[in-house]
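Engineer: Below is one structure. I have some questions about it.
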Protein chains: 2
Amino acid sequence: MYFLTAAQYLDARGAKKYTFAIMGAQNRNAGGAPDEGVPHGGAQGAVEILDTTLRDGAQGAGVSFSVHDMLAVARALDELGVRWIEAGNPGGGAKDMEFFARTGELKLKHAEIAAFGSTRRKGAAAADDELLRNLLAAGTRTVVVFGKSWDLHVAEVLHASLDENLAMIGDTIEFLKKNGRIVIFDAEHFFDGYAANADYALSCVRAAAAAGAERIVLCDTNGGVFPDDAALAVKAALAAASGVPLGIHAHNDCGMAAATSILAVKAGCSHVQGTLLGFGERCGNAALSEIIPNIELKLRRPCVAGGKLEHLFSIARTVAEIANVSIPDTMPYIGAAAFSHKAGMHADGILKTSRSFEHIDPHAVGNSRRFLMSEIGGRSAIAERVKKIEPSITKDSPVTTALIARLKRLEAEGWQFEGADGSFEIMVRRELGKYRSLFTIAAYRVTSEHPAGGRDTALSSNYCHAWVKVQVDGKQEIAAAEGDGPVNALDGALRRALQRFYPQLEQARLTDYKVRVIDGKDATAAKVRVLIESTDSIQTWTTVGVSTDIIDASHIALVDAMEYKIIADIERRFKVYL
Amino acid sequence: MYFLTAAQYLDARGAKKYTFAIMGAQNRNAGGAPDEGVPHGGAQGAVEILDTTLRDGAQGAGVSFSVHDMLAVARALDELGVRWIEAGNPGGGAKDMEFFARTGELKLKHAEIAAFGSTRRKGAAAADDELLRNLLAAGTRTVVVFGKSWDLHVAEVLHASLDENLAMIGDTIEFLKKNGRIVIFDAEHFFDGYAANADYALSCVRAAAAAGAERIVLCDTNGGVFPDDAALAVKAALAAASGVPLGIHAHNDCGMAAATSILAVKAGCSHVQGTLLGFGERCGNAALSEIIPNIELKLRRPCVAGGKLEHLFSIARTVAEIANVSIPDTMPYIGAAAFSHKAGMHADGILKTSRSFEHIDPHAVGNSRRFLMSEIGGRSAIAERVKKIEPSITKDSPVTTALIARLKRLEAEGWQFEGADGSFEIMVRRELGKYRSLFTIAAYRVTSEHPAGGRDTALSSNYCHAWVKVQVDGKQEIAAAEGDGPVNALDGALRRALQRFYPQLEQARLTDYKVRVIDGKDATAAKVRVLIESTDSIQTWTTVGVSTDIIDASHIALVDAMEYKIIADIERRFKVYL
């Protein structure tokens, strides 16, 4: 319905002016998405989303992405179907450039990568500006540049004249457009600027429009504006922008970033910038996980790829996992408790008529209703997962009851199976009585020592080794390995010992390893939860282990990972069900 | 300035009608606050606050208060100077009744306790209603009763006629007023009701006003309304309320509870309900810690006791401690990161003119500015932090340049100093040439084995032990320890070895331990970053270690933690600078 081709989009907007810029950019391979299937802001009421998790989000305290992480986040955001994924910083380092160089690997379906930079420096020609040359070197079809729109900043931070700042905006945009780029202009501090000197803030918008910017984004950089005041400023900017679509970029310093974004959309913005989980400096950027459902479900305007809103809950978790943070249970729409009900009265009401006590259907965003005092929610969800392994199971099967009891006990001890499909399947097999032991670990020992005794290395003075003794059908095998860390050594030794019996383990390798301290207050004696992701050429599976000892927790997850691989391999090869 | 006596307040409102109810209530001792010094809603633009942490807040997942906790929360809220503290539930249990009985102990200075209940049951006289008798038995001067205002709920949940519901509202309020109570009427689901059947929702407001309610509170019970729509509904309700002050009660299901509250105040509400930290069912109630500063600092209307806004940061922490939750770092106004700055560009701007990049002065709410160390953190931010250690340093000092180079190199290797003040300080001391080595670790060995060799335990089949050899002023000491995990064992052995030389280490203990895998793609050979938080009776410090070996990374952070403690202790004791 809201999937328009670029041509339809341009027809709908009636804005031929932008045809060249959007259709004619040179750099289609550098992260450019096909125009087919991309929802465009402004057309038929659609609102386009620019996610800046990789740029503004990375400014958040405790948020840090490797290039591998950045690519994984981009993949998740593309899956959701945002229009642009912004990355990079003015004069950004080697990490950003490596990311841009590798975006081709992503084969994006919906989104396009946009590089971020600033307007040219004061008193220099745009063509001579090193930062702008870096921005072009990113090789993206779209670039985002920010410029000042608050007179205070022009005077006290830039030390430039008001006219010079207008020239900086205009020159920069013209230069980038001459180089074939789609240009999104971020008017930094627009709302503070509008409050201080509305004429000047609007003349910055006019300068950007005149220079040919494709989008002009009104930024509440300090996060201090109220939503109703923002809406009034948006209306004034609409006139100044002479038809160029406007965007909103809000920060949450007043706790109102979502409201400011929504009221700006209602006032005429058709482009929204934010970060999926609200990551960002200080109190964070506007959380797109709040804004997207508000737009799609409440304003009834499309903004992500069709049908993808239902994946919001799981895509949000994917991004949280990559960033190694937990999504707060109370987070609107996507929190685990967002549709939970504790009060007996309400839970009763829900059963009578769900519209009574829920503002939306939780399934619309992939979430589900939970009753905290009862297991009604849990039971169905567990039966649903068990069914995938054994189709005859229902929520009333005795095995479901037994599994719930076991899960409750394990979760109280710190286990979590939501992200650990491999371990969950092995547990279900055990409960179904369909589990056959493939090996046992008779003993292991892992040693980490400093300095390295017999090892000659200038780089590391640390040394780990492990030995493992396994038993398979009465036969024993012992193997040893050294490694970069104790878990790496243990993994090596275990794999070597088992390969005598199960050579298929050679195809499997670990692709991710995560550690979370479950109860920080006891410090180094706290429990740790280890999640291990493994892959072979066919599939990927995750396993979990919990212990006060990180090596023991890793050992539990490693054993599950190898068992899962062996079982899957035998079942696939021999078409049997073990 | 905004501290009025009750008489002044009533004069200001010109509403003699309420004189008896407010002045003549019998139950002055049951949690009643003196009228002197209480800011009242509506007068001279003041906005009154009702905190429902103890009632609606206690519906939140994971929130649970003992009577002792409830009294402590009430004390903290009174200190802040909210107008009412709501507690209890319809037919509330023994815990609520004990709380009401003990509120006399509190000697409240500003706030008044209000008991919460519902309108009478369908088809019964108010005087015969057990729940209303319980409500009176709470013995509070003020009571809050909720009633339906959404026709859907009247029909499908109450199964009553629309007229019967109006009678339930009127009867209940009249009965409570006859019993000398100040009555606050919560119009449940008002905004959904207004959207579905505006006439009926407004007639519920009229019924409450006619029966003599002192406040009529418009509730967004499901949290689904948008702030601008709420503001329109408030304006309609103002006319229906014939002069009775209106309140707003918002939930955060759209991420907009703060905005809805503020726009409702701008539209005419002079009473705001919420919970200090946003506790509440599902996504929580409106967070008063966001709303109060927005009202006082942005709308310039008083709402808590004079001068107390500056205590918001610490009072919020008191309530969080009682509830045993952490305040998210990104929480508006009161989060630890709410005024932190990471981007070099911004940090530079802040030092030039703080108004440029901060929407309020952090000290206004008792918070403070922080500069985070990071790969994108600038020279000014680093100089600012170094200054705390050596005041003569500026951003142009050579040592700043050297530190930046060192930080960049370390951050590229996965280190992060933004949360690790202890390690940062030790690094700065090294760079300043003011570092003196206190000990060296000659060697260590950590072993994790399974099953436990000589250890007799049914619970754990895992066993960790460590030995460490340290050198201090040419003397060596070796010590060993066992532990719940390898790091716990290493910590124990290191501490034991060093205490011979530095007995003050006995006062220090580890309070938090965090692990993050830096680059997951290499799985168990990836680097890990360990953060360790330590404390003694005087201060808390955090240190960091990075390595491919988690034990080595922990060892680095442990060494910094102990060095920091020894240095701080000697400097404090001997008033020297080492």
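Engineer: Mind checking whether some residue in segment B:255-275 is within 23 Å of residue B:55 (Cβ to Cβ), over 21 Å from the mean Cα position of the chain (by Cα), away from chain A (no Cβ under 13 Å) and surrounded by fewer than 24 Cβ atoms within 10 Å (Cβ to Cβ)?
Structural biologist: yes
Engineer: Which of (1) within 14 Å of chain A (Cβ to nearest Cβ); (2) more than 17 Å from residue B:189 (Cβ to Cβ) does residue B:239 not meet, given it meets every other one?
Structural biologist: (1) is the only condition that residue B:239 fails.
Engineer: Also, I was wondering about something else. Looking at segment A:537-578 only, could you name the residues that are of a type in the set (D, E, K, R) and under 30 Å from residue B:486 (Cα atoms)?
Structural biologist: Residues satisfying the conditions are A:549, A:552, A:560, A:563, A:565.
Engineer: Listed residues B:339, B:357; which is under 30 Å from residue B:267 (Cα atoms), in contact with a Lys or Arg (Cβ under 8 Å, 6 or more places away or on another chain) and either modelled with pLDDT under 90 or facing another protein chain (nearest Cβ under 7 Å) (or both)?
Structural biologist: B:339 is the lone residue from the list that is under 30 Å from residue B:267 (Cα atoms), in contact with a Lys or Arg (Cβ under 8 Å, 6 or more places away or on another chain) and either modelled with pLDDT under 90 or facing another protein chain (nearest Cβ under 7 Å) (or both).
Engineer: Separate question: Got a sec? Which of B:296, B:321 is free of Cβ contacts under 8 Å to residues at least 12 places away in the same chain and surrounded by fewer than 24 Cβ atoms within 10 Å (Cβ to Cβ)?
Structural biologist: B:321
Engineer: Checking residue B:282 against (1) surrounded by 19 or more Cβ atoms within 10 Å (Cβ to Cβ); (2) modelled with pLDDT under 90; (3) within 13 Å of another protein chain (Cβ to nearest Cβ), which test does it fail?
Structural biologist: Condition not satisfied by residue B:282: (2).
Engineer: Condition check: among the hydroxyl-bearing types (Ser, Thr, Tyr), out of contact with any His (no Cβ under 9 Å at 6 or more places or on another chain) and modelled with pLDDT of 60 or more. Does residue A:374 satisfy that?
Structural biologist: In short, no.
Engineer: Among B:369, B:406, which is the only one that is modelled with pLDDT of 75 or more and within 12 Å of another protein chain (Cβ to nearest Cβ)?
Structural biologist: Testing whether each residue is modelled with pLDDT of 75 or more and within 12 Å of another protein chain (Cβ to nearest Cβ) leaves just B:369.
Engineer: When only residues in segment A:291-314 that are away from every other protein chain (no Cβ under 13 Å) and under 20 Å from residue A:369 (Cβ atoms) count, which is modelled with the lowest pLDDT?
Structural biologist: Checking each candidate, the answer is A:314.
Engineer: Just the residues that are buried (at least 22 other Cβ atoms within 10 Å of the Cβ) and charged (D, E, K, R), please, taken from segment B:534-564.
Structural biologist: B:549, B:552, B:560, B:563
Engineer: Something else: Any residue that is within 12 Å of chain A (Cβ to nearest Cβ), more than 20 Å from residue A:62 (Cα to Cα) and not basic (Lys, Arg) - is there at least one of those in segment B:501-509?
Structural biologist: yes
Engineer: Something else about it: Collect the residues in segment B:495-518 that are part of a helix (DSSP H, G or I) and either among the small types (Gly, Ala, Ser) or under 19 Å from residue B:568 (Cα atoms) (or both), keeping them in residue-number order.
Structural biologist: Correct list: B:495, B:497, B:498, B:499, B:503, B:504, B:505, B:506, B:507.
Engineer: For segment B:148-164, does any single residue satisfy the condition of being under 30 Å from residue B:112 (Cα atoms) and touching a Cys at 6+ places or on another chain (Cβ under 8 Å)?
Structural biologist: Yes: segment B:148-164 contains one or more residues that are under 30 Å from residue B:112 (Cα atoms) and touching a Cys at 6+ places or on another chain (Cβ under 8 Å).
The values are calculated or read from the model by the stated rules, or taken from the named source; none is laboratory data. Fair warning: this is a prediction, and the values are worked out from it, not measured in the lab. All Cβ positions, glycine included, derive from the backbone under ideal geometry; neighbour counts span all protein chains shown.
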